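Okay, so here's the structure we're looking at.
The values are calculated or read from the model by the stated rules, or taken from the named source; none is laboratory data. The shown structure was predicted, so the numbers you read here are calculated from the model rather than taken from an experiment. Note that each Cβ is placed from the backbone with ideal geometry, even for glycine, and that neighbours are counted across all protein chains shown. Heavy atoms of the whole protein, side chains included, go into the accessibility calculation; ligands, DNA and RNA do not. Shrake-Rupley method; radii C 1.70, N 1.55, O 1.52, S 1.80 Å.
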Amino acid sequence: AEEQEVVQLYEERADHLELDAFKHNTVLTSDSEDWIKALTGTGAKLLVGPRGCGKTHLMRFAFTQCRDTPEHPFAIYTNLNRYYRLEPLLRKRPDAISMFYTWVLSNIVVGLHEALGEFAWQQNLSIDADALLEFNVENLRDVIGALEQSRLLSEAQDAVATRLNVDRVKALLIRATEAVGRRRAVLLLDDAALTLTPEYLS
């Protein structure tokens, strides 16, 4: 039991590692090279596998490959693994699906902020992400936090949430892609299967 507790405390998970750890600690096989090409290529791809098999590692490695290779697309990595925290809303709120929708878009725009920072740093670009993306990243994190705690949004948080929709996020993705000089973007959505809350999957 003590050994299991130690493993739990010190388990090295891919979503907790610094980005530079991936390029220095990844050896690709021919299969995984094909998976990286697929992830950074066009069209929708789905990675399926048990916990711990390396799905997150592959996605974050693909992100670093895109960041470090000018010919690759602009990559945005978003981890949606806290989706189950919104499960109580299904019992409490008639607008639970709408709140989940806001949560997903908020996470994508936060990921977009982080990606802009990484790509701008790699390419020695000076980009004001808040101005370019029209959203302050801390305000978005406040919305995410409130929804994950099943709290009602404050007036300020609601004002942020009402500005989020698919068309606006798509426009921001295009704007950010142009700002870093890439021809297209790829969204890497981790833990998007939502296996514990199938009501949200649609």
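Pop out the carbon and sulfur fraction of the accessible area of the chain as a percent, whole number, probe 1.4 Å. Before the final figure, lay out the partial values.
Details: 6160 of 12000 Å².
Reported share for carbon and sulfur atoms: 51 percent.
Could you order S98, S202 so the one with the most accessible surface comes first? Probe is 1.4 Å. Display every interim value, and only then the final one.
Numbers: S98 60, S202 140 Å².
Greatest to least solvent exposure: S202, S98.
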In debye, nearest 20: dipole of the chain around its Cα centre with unit charges on the Cβ of K, R (+) and D, E (-)? 720
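When the Cα atoms of segment 23-97 are enclosed in a convex hull and the volume is divided per residue, what value in Å³ results?
Values: hull volume 10.0 nm³, N = 75.
Cα convex hull per residue, to the nearest whole number: 134 Å³.
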At q = 0.08, 0.09, 0.14, 0.18 Å⁻¹, what is the base-10 log of I(q)/I(0) for the chain according to the Debye formula with one equal point scatterer per Cα and no solvent? Please give it to two decimals. -0.30, -0.38, -0.91, -1.35
Of the residues D31, D68, D142, which exhibits the maximal mean-square fluctuation in a Gaussian network model of the chain defined by a 10 Å Cα contact cut-off? D31
Using only the alpha carbons, work out the radius of gyration and Dmax of segment 134-202 in angstrom. 14.7, 40
Spin-label point model (7 Å from Cα, Cβ direction): what's the D130 to A192 distance in nm? 2.9
Residues with beta-carbon under 12 Å from that of Q123, excluding Q123: net charge, scoring Lys, Arg +1 and Asp, Glu -1? 0
Label-point separation, T162 to R175 (7 Å along Cα→Cβ), nm: 2.0
What's the lysine pair count for the chain at a Cα cut-off below 24 Å, pairs eight or more apart or interchain? 8
